[in-house]
Amino acid sequence: MYSFEPNEEQQMLIDAVGKFASNDLRPAAHDAEENHAMPQKLVNKGWELGLLQASTPEAYGGFGDRSAITNVLAVEEMAFGDLAGALAVMTPSLFATPILLGGTEEQKQEYLPRIIEGAWAPYTGALIEYSFNFDPNELKTTANAEGGAYVLNGEKAFVPFAKDAEALIVYANLNGVTQGFIVKKEAAGLSISEEREKLMGLNALPMYRVKLENVTAERLGGASGHDFGLILDAMRVASAATALGVARSSLDYAKNYAKEREAFGVKIAQKQAVAFMLAEMAVELESMRLMTWEAAWKIDNNKEDSCVSAYLAFTGACDMAMMVTDRGVQIYGGHGYIRENPVELLMRNGRGFPMLLGLAIV
Amino acid sequence: MTIEFEAPKPIVQMNAMLKTVAENMMRSTSREMDENEHAIPWDYVEFMHSAMRSMGGGGGLTIAEEKPKEGAEKRPPIGYQKLASQIEMLAWGDVGFYLITPGGGLGAAAVAAAGSPEQKAKFLARFNDDKPTYAAMCMTEPGAGSDTSAIRARAVLDEKTNEWVINGEKIFVTGGDKSFNEYEKLGKGFIVVWASIDPSAGRSGMRAFVVESGTPGVKVTKLEHKLGIRASDTAAISLVDARVPFENVLGSPTVEKTTTGFKGAMATFDATRPLVAASGIGVARAALEFLKEKLEENGVKIRYGLPRTKLTSIEKDVIDMEIQLRSAWLLTLKAVWMADNKKSNALESSMSKVRAGDIVTKITQKAVEIMGPLGYSREFLLEKWFRDAKITDIYEGTGQINRMVVARQILGYTGAELR
Ligand SMILES: Cc1cc2nc3c(=O)[nH]c(=O)nc-3n(C[C@H](O)[C@H](O)[C@H](O)COP(=O)(O)OP(=O)(O)OC[C@H]3O[C@@H](n4cnc5c(N)ncnc54)[C@H](O)[C@@H]3O)c2cc1C
Ligand SMILES: Cc1cc2nc3c(=O)[nH]c(=O)nc-3n(C[C@H](O)[C@H](O)[C@H](O)COP(=O)(O)OP(=O)(O)OC[C@H]3O[C@@H](n4cnc5c(N)ncnc54)[C@H](O)[C@@H]3O)c2cc1C
């Protein structure tokens, strides 16, 4: 069957996350960005909504099975509030979800219950590298098998909360294949930059460079490793879902502004040049929402071509987010360019999706 | 309810069958019909008519009422989804042929949307008769296209004979020839003509009238020569003192202060816009599949999964085309799924039409460009699909008109607030 309506449980989740996004994250977004600080109180409140907990089986301290489609719905809602806030709330997933997808039974037992059952804690993941032509399937950070252990060398970028992290999943190139490795905070040879990353947007999210010099680490999935494709698919779909949230926020602001702002004796929304921009934004957004849903549904149903779908959804959503957030600023006119108004931050965030793959996972 | 993307089995089975029809009866004569505009591929017409009858539908490409087997679990309705999938598949074969698939087309859709139960019984049964039968819809006039409120056709009630007397000039009537003119091989069709019963009442004065084929005073005055969809007849029809029985008016015969008359037309469009989107998407899929096949023959493989910066420009184009095509189809599916589930879908219908109108023209244009001389040559059907695709953004509301519908819906504006 085809069907395009969230089920009752999903709708309740959407409503709960949507309320938090609108009432808590959205009003805080501007100051968090300007002050380079996301209030921990907000992050904790978001964590208490229990997204990760709900997609972790009981055996590991959670209360449900992972559903990419349910997570996609929740992630869009969360990102509608604020991208940095959403990513901060969901940072522990960057560690827990790969373990869930590719970890050995021991790895799951060791890490999942303490993350799931506790308060929000900075467990994180490190995929991105600071290089031109960055490709998650051709990482420059290397892993070498030495005896029973693995030794990592290289540098990772844009690692959220790395400074305080208890442990992180570091992705590295093992004989040409990308694999995840569990690196603990105290590992010898691990160093984290003093300064935070300086980026065009996302300044409320503390991100760091991470250097690895002969760091000994445990391989995700043990000696036989894991299928990185599953993790990459989950990252692509998550990224697409955050793009939906950011774009929807811009459309929402622009629509309301256009209905208020007057020029030439009418509301600017009554001018086709503005109204058609809004219509096209809505069409693009809905197009990529359905692409994202389909990809997530394919992941949940183990469809063979889920990786192509996830790639297409991600690629399309990146373009969509740029187009929509650009027009959000355009519709605000000169006021859109001013940082007091919310749409310019959304445009800065909207440019980031192609390079921010790896900062969210469903 | 839940979110699911599994094509229902009946649709998959039906499409497998239609694909053979498309390959064997459409593609093989596509070029010939394109080069001989106004010729009729009778083999196709007759085959489709008997095939659809034997499948027990209402005749033609219509939405069959599903009768659940006794004791069987009640399944959600998929009539519109099935129809959209059929249309997409037939248009993949040849969209011009799809448009001359026997049946009620837009004419029957208007009766279904605005007619009484008696009218439906009277006018819709004929499509299941022995001979292929057609119906068409006449809204557009030389001076009134997008602005349907500007139509000048008039209908006046002759109280002595209890007949409507209709005068007007209609143009661009899809299937107008086969619906109105009498052919030995065809059953008796009709056209649905929009006219005003009270010009001072604006849109609320507009009504649709069923005009039977052969009605005196009505004449097909011209068959257009077109850029594409040349297997489909597009007729100009003039009505001079044409008389139709009183009971052939769809909707109320008197003018109230409401806009019921026009709402009938709009209800038709909510239902048919995603179907037009589906027909365009079929053409674009044909073009994209052809392109990928030819690229592969020439040693160009599309690598999925690479960052944009590592892709060739052809790979980027093809990947974008795939995203465009798939997303347009999903929007279309959502719109018809809503129709099946009796959810109001004015927004989604127009969204699917906006998207499809945009992307099917872009995809076919890009495909011709990438194929170079092979794309421009009439050796292949690609150049024809480029010409065929363009109509998607024009009929059943141009891209601009549908953008306006979408904008009004999201802004909560009336037609007066945004025009
Ligand atoms: C950094 C900066 C520097 C500036 N410097 C100067 C300066 O030195 N001196 C000065 O006087 N001004 C200056 N401006 C103001 C600038 O010229 C205006 O912002 C600009 O003209 C747009 O006006 P607005 O911001 O009021 O937008 P609005 O006029 O409110 O427009 C909002 C949106 O509606 C659209 N719109 C408006 N009317 C119509 C219409 N009739 N049809 C279709 N669409 C319409 C616009 O295109 C825009 O997308 C500056 C602005 C900025 C941001
Ligand atoms: C092959 C073919 C088959 C057809 N079949 C049928 C049929 O079966 N029955 C039928 O009744 N009609 C049919 N039509 C007519 C079709 O629906 C109209 O051509 C279409 O609605 C556009 O009307 P128009 O051609 O008069 O263009 P116009 O309305 O004159 O539009 C010209 C341009 O102006 C734009 N425009 C118009 N109004 C606005 C506005 N308010 N805001 C912004 N832009 C605007 C349009 O988008 C378009 O780009 C058919 C047409 C063709 C070509």
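Condition test on B:I391, is it of a type in the set (V, I, T) and away from ligand 2 (no atom under 16 Å from the Cβ)? Against the criterion (of a type in the set (V, I, T) and away from ligand 2 (no atom under 16 Å from the Cβ)), B:I391 does not qualify. Applying the set (1) β-branched (V, I, T); (2) in contact with a Leu (Cβ under 7 Å, 6 or more places away or on another chain); (3) under 23 Å from A:L285 (Cα atoms) to B:V360 leaves exactly one unmet item: (2). In the set A:E304, A:E340, A:E344, only one residue is over 25 Å from A:A28 (Cα atoms), acidic (D, E) and away from ligand 2 (no atom under 16 Å from the Cβ); that residue is A:E304.
Inclusion of A:R209 among residues that are more than 10 Å from chain B (Cβ to nearest Cβ), within 16 Å of the chain's Cα centre (by Cα) and open to solvent by 10 Å² or more (accessible area, probe 1.4 Å) is not warranted. In the set (1) touching a residue at least 12 places away in the same chain (Cβ under 8 Å); (2) within 16 Å of ligand 2 (Cβ to nearest atom), B:M371 fails one condition alone, (2). Candidates in region B:384-409 are the residues that are without any contact (Cβ under 8 Å) to a residue 24 or more places away in the chain and more than 22 Å from the chain's Cα centre (by Cα); of these, the one that is least open to solvent (accessible area, probe 1.4 Å) is B:A407.
Among the residues of region B:155-176, those identified as crowded, with 23+ Cβ neighbours inside 10 Å and within 24 Å of the chain's Cα centre (by Cα) are B:K170, B:V173, B:T174, B:G175, B:G176. The set of residues in region A:177-194 that are out of contact with any Asp or Glu (no Cβ under 8 Å at 6 or more places or on another chain), open to solvent by 50 Å² or more (accessible area, probe 1.4 Å), of a type outside the set (V, I, T) and in contact (Cβ under 8 Å) with a residue 12 or more places away in the chain contains only A:A188.
Scanning region B:12-36 for residues that are touching a Lys or Arg at 6+ places or on another chain (Cβ under 9 Å), crowded, with 16+ Cβ neighbours inside 10 Å and modelled with pLDDT of 95 or more yields a total of 3. If I filter region A:295-314 for residues that are within 16 Å of ligand 1 (Cβ to nearest atom) and either open to solvent by 10 Å² or more (accessible area, probe 1.4 Å) or away from chain B (no Cβ under 11 Å) (or both), do I get at least one hit? So far as region A:295-314 goes, no, none of its residues is within 16 Å of ligand 1 (Cβ to nearest atom) and either open to solvent by 10 Å² or more (accessible area, probe 1.4 Å) or away from chain B (no Cβ under 11 Å) (or both). Do you know which of the residues in region B:6-28 that are in contact (Cβ under 8 Å) with a residue 40 or more places away in the chain and either within 14 Å of another protein chain (Cβ to nearest Cβ) or not aliphatic (A, V, I, L, M) (or both) is nearest to B:F386 (Cα to Cα)? Across region B:6-28, the extreme among qualifying residues is B:R27.
Condition check ((1) at the interface with chain A (Cβ under 9 Å from one of its Cβ atoms); (2) at pLDDT below 95) across all residues:
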{"position": "B:S344", "(1), (2)": "no, yes"}
{"position": "B:M351", "(1), (2)": "yes, no"}
{"position": "B:D358", "(1), (2)": "yes, no"}
{"position": "B:I370", "(1), (2)": "no, no"}
{"position": "B:L382", "(1), (2)": "no, no"}
{"position": "B:E396", "(1), (2)": "no, yes"}
{"position": "B:A407", "(1), (2)": "yes, no"}
{"position": "B:Y413", "(1), (2)": "yes, no"}
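For the condition open to solvent by 50 Å² or more (accessible area, probe 1.4 Å), facing another protein chain (nearest Cβ under 10 Å) and within 27 Å of B:R408 (Cβ to Cβ), B:K310 does not qualify. Looking across region A:251-268, just one residue is touching a strand residue (DSSP E or B) at 6+ places or on another chain (Cβ under 8 Å), at the interface with chain B (Cβ under 9 Å from one of its Cβ atoms) and either of a type in the set (G, A, S) or open to solvent by less than 40 Å² (accessible area, probe 1.4 Å) (or both), and that is A:A258. Could you look through region A:269-294, keep only residues that are over 15 Å from A:L251 (Cβ atoms) and within 16 Å of ligand 1 (Cβ to nearest atom), and pick out the one that is least open to solvent (accessible area, probe 1.4 Å)? Looking at the filtered set, the residue picked out is A:Q270. Read through the list (1) more than 9 Å from chain B (Cβ to nearest Cβ); (2) touching a strand residue (DSSP E or B) at 6+ places or on another chain (Cβ under 9 Å); (3) open to solvent by 20 Å² or more (accessible area, probe 1.4 Å), then give the number of the only condition that A:L359 fails. Only one criterion in (1) more than 9 Å from chain B (Cβ to nearest Cβ); (2) touching a strand residue (DSSP E or B) at 6+ places or on another chain (Cβ under 9 Å); (3) open to solvent by 20 Å² or more (accessible area, probe 1.4 Å) is unmet by A:L359, namely (3). Against the criterion of being within 30 Å of A:T178 (Cα to Cα), more than 11 Å from chain B (Cβ to nearest Cβ) and open to solvent by less than 20 Å² (accessible area, probe 1.4 Å), A:V324 does not qualify. Taking the numbered list (1) open to solvent by 10 Å² or more (accessible area, probe 1.4 Å); (2) within 16 Å of ligand 2 (Cβ to nearest atom); (3) in contact with a Leu (Cβ under 7 Å, 6 or more places away or on another chain) in turn, A:R248 passes all entries but (2). Of note, B:K170 satisfies the criterion of being in a strand (DSSP E or B), within 30 Å of B:G415 (Cα to Cα) and within 15 Å of ligand 2 (Cβ to nearest atom). When the residues of region A:39-57 are filtered to those that are of a type in the set (G, A, S) and open to solvent by less than 30 Å² (accessible area, probe 1.4 Å), which remaining residue is modelled with the lowest pLDDT? This residue is A:S55. Among the residues of region A:222-234, how many are within 23 Å of the chain's Cα centre (by Cα) and part of a loop (DSSP other than H, G, I, E, B)? The total comes to 2. All of B:A284, B:A271, B:A201 fail the test of being of a type in the set (A, V, I, L, M, F, W, C), within 24 Å of B:I401 (Cα to Cα) and open to solvent by less than 10 Å² (accessible area, probe 1.4 Å), apart from B:A284.
The values are calculated or read from the model by the stated rules, or taken from the named source; none is laboratory data. A quick note: this is a predicted structure, and the numbers were derived from the prediction, not measured. All Cβ positions, glycine included, derive from the backbone under ideal geometry; neighbour counts span all protein chains shown. To get the accessible areas, we keep the full protein, side chains included, count just its heavy atoms, and leave off ligands, DNA and RNA. Shrake-Rupley method; radii C 1.70, N 1.55, O 1.52, S 1.80 Å.
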